[in-house]
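The values are calculated or read from the model by the stated rules, or taken from the named source; none is laboratory data. In this text, all values refer to a predicted model and were calculated from it rather than measured experimentally. Don't worry about glycine lacking a Cβ; one is built from the backbone with ideal geometry, like all the others, and counts go over all protein chains shown.
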Amino acid sequence: MIKQITQRITLVTAAILLALAVGSSASASPTGGEGGTLFLSVTFDDGTIATQTLDCQSDSSDHPAAQTSCEQLAEAGGTIADIQPASFACTLELRPAQFRAIGFWDGQIVSYEDEFPNPCVGDRDTGGNLFSFI
């Protein structure tokens with residue numbers, strides 16, 4: 001119950017932060033298209049949550065792999081599930097992680113949610129850059 005409440009508070013906070021980020025961003029996208037802004041989170045079974053904002057509408061995103069992530073998203077039309085997986089190996093560690101994203105891409109609301117057996121698999125399967133902040 002507490003875990004669900006925490007996740008909902010995180011998503012509401014993400015939506016508010018995203019609205020503020022989108023509202024204050026007026027620069028052109030570094031990818032050449034309209035691009036977008038995504039609030040990313042990874043939640044572990046122990047309740048630990050890692051978050052990051054990816055702003056593809058400005059050159060000042062503090063995401064550690066912003067340019068590559070924005071390029072991958074542009075190639076996938078903003079659909080995270082359509083990003084090609086990276087080609088690196090992961091251990092068989094069991095540390096379930098929920099990967100989530102919510103935001104705007106090319107003027108449309110986009111969202112993503114998937115669970116992976118560990119953060120390495122999640123990072124790899126979403127292209128190796130988008131969730132590289134974990």
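Of the conditions (1) polar (S, T, N, Q); (2) out of contact with any Cys (no Cβ under 9 Å at 6 or more places or on another chain); (3) under 16 Å from THR126 (Cβ atoms); (4) surrounded by 15 or more Cβ atoms within 10 Å (Cβ to Cβ), GLN84 satisfies every one except a single condition; which number is it?
Result: GLN84 fails condition (4) only.
Would you mind stating whether ASP123 is of a type in the set (Asp, Glu), more than 17 Å from GLY35 (Cα to Cα) and touching a helix residue (DSSP H, G or I) at 6+ places or on another chain (Cβ under 8 Å)?
Working: of a type in the set (Asp, Glu): yes; more than 17 Å from GLY35 (Cα to Cα): yes; touching a helix residue (DSSP H, G or I) at 6+ places or on another chain (Cβ under 8 Å): no.
In short, no.
Being in contact (Cβ under 8 Å) with a residue 40 or more places away in the chain, buried (at least 19 other Cβ atoms within 10 Å of the Cβ) and under 11 Å from GLY36 (Cβ atoms) is the requirement here; does LEU130 meet it? I'd like the intermediate steps shown before the answer.
Details: in contact (Cβ under 8 Å) with a residue 40 or more places away in the chain: yes; buried (at least 19 other Cβ atoms within 10 Å of the Cβ): yes; under 11 Å from GLY36 (Cβ atoms): no.
Judged against the criteria, LEU130 is not a match.
Matching residues to (1) surrounded by fewer than 21 Cβ atoms within 10 Å (Cβ to Cβ); (2) of a type outside the set (A, V, I, L, M); (3) more than 16 Å from the chain's Cα centre (by Cα); (4) at pLDDT below 95:
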{"position": "GLY35", "(1), (2), (3), (4)": "no, yes, no, yes"}
{"position": "LEU38", "(1), (2), (3), (4)": "no, no, no, no"}
{"position": "SER41", "(1), (2), (3), (4)": "no, yes, no, no"}
{"position": "ALA50", "(1), (2), (3), (4)": "yes, no, no, no"}
{"position": "LEU54", "(1), (2), (3), (4)": "no, no, no, no"}
{"position": "SER60", "(1), (2), (3), (4)": "yes, yes, yes, yes"}
{"position": "THR68", "(1), (2), (3), (4)": "yes, yes, no, no"}
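Within segment 107-126, identify whether any single residue is under 20 Å from GLN67 (Cβ atoms) and surrounded by fewer than 17 Cβ atoms within 10 Å (Cβ to Cβ), and answer yes or no.
The answer is no, given that none of the residues of segment 107-126 is under 20 Å from GLN67 (Cβ atoms) and surrounded by fewer than 17 Cβ atoms within 10 Å (Cβ to Cβ).
Considering LEU73, LEU54, which residue is touching a residue at least 60 places away in the same chain (Cβ under 8 Å) and of a type outside the set (Lys, Arg)?
Numbers: LEU73 fails: touching a residue at least 60 places away in the same chain (Cβ under 8 Å).
Criteria check complete, one pass: LEU54.
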